[in-house]
Amino acid sequence: MSNRREFIVQVSLGGGALLAGSAFAQGTMLSETDKQAVTLGYKADTTKVDKTKFPKHTVDQKCSNCVLYQGKASDKAGGCGAFPGKQVAGNGWCSAWAKKA
């Protein structure tokens with residue numbers, strides 16, 4: 001049972017690394033008109049988020065400080081777990097935003 005658990009953890013970690021690598025490898029920038037981007041209210045500039053649609057949004061919430069962001073906080077763009085194979089603007093935002101610890 002322990003071997004099975006270790007295997008599952010290793011596969012999960014390896015899969016996450018592969019997804020992160022593929023996001024950077026493909027690297028096309030996410031468009032605000034992309035179907036998934038529209039669904040999640042993505043904006044490349046956090047200051048342009050519609051406050052009426054997303055009243056809990058604040059301008060200090062950015063892709064670069066989101067747990068899903070796969071780049072460095074200082075990067076202008078990076079991969080995102082919500083948008084596999086695409087890069088998002090570090091200064092962007094979407095409704096999947098969750099504060100990085």
**Complete:** Taking a crude spin-label model, label points 7 Å out from Cα along the C-beta direction, the residue 99 to residue 45 distance in nm is 2.6 nm
**Asked** Counting only residues 5 or more places away or on other chains, whose amide H sits under 5 Å from the amide H of residue 68 once H atoms are built in the peptide plane?
**Response** 98
**Message:** Based only on other Cβ atoms within 10 Å, what is the fewest-to-most ordering of 39, 52, 33?
**Reply:** 52, 33, 39
**Asked** Taking H as built 1.01 Å from N, whose amide H comes closer than 5 Å to the amide H of residue 87, not counting residues under 5 places away?
**Response** 28, 29, 30
**Item:** Estimated distance in nm for a label pair at residue 34 and residue 54, the labels positioned 7 Å out from Cα along Cα-to-Cβ
**Value:** 1.4 nm
**Using θ = phi - 60° and Karplus 6.51 cos²θ - 1.76 cosθ + 1.60, couplings along segment 74-91 (whole Hz; Gly, Pro as x)** = 8, 6, 6, 8, x, x, 9, x, 7, 10, x, x, 10, 10, 10, 5, x, 8
**Request:** Search the structure for amide H atoms under 5 Å from the amide H of residue 77, placed 1.01 Å from N in the peptide plane, and list their residues when 5 or more places away or on another chain.
**Result:** 90
**Item:** Within straight-line cross-link reach of residue 53, lysines at Cα separation under 25 Å, skipping those fewer than 8 residues along the same chain
**Value:** 35, 43, 62, 86, 99, 100
**Message:** In whole Hz and in residue order, list the ³J(HN,Hα) couplings for segment 57-66 that follow from phi through the Karplus curve 6.51 cos²θ - 1.76 cosθ + 1.60, θ = phi - 60°; x for Gly and Pro.
**Reply:** 5, 10, 5, 7, 7, 9, 3, 5, 10, 9
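No lab work stands behind these numbers, since they all come straight from the coordinates. None of the values given here were measured: they were computed from a predicted structure. Every residue, glycine among them, receives a Cβ derived from its backbone with ideal geometry; neighbour counts consider all protein chains shown.
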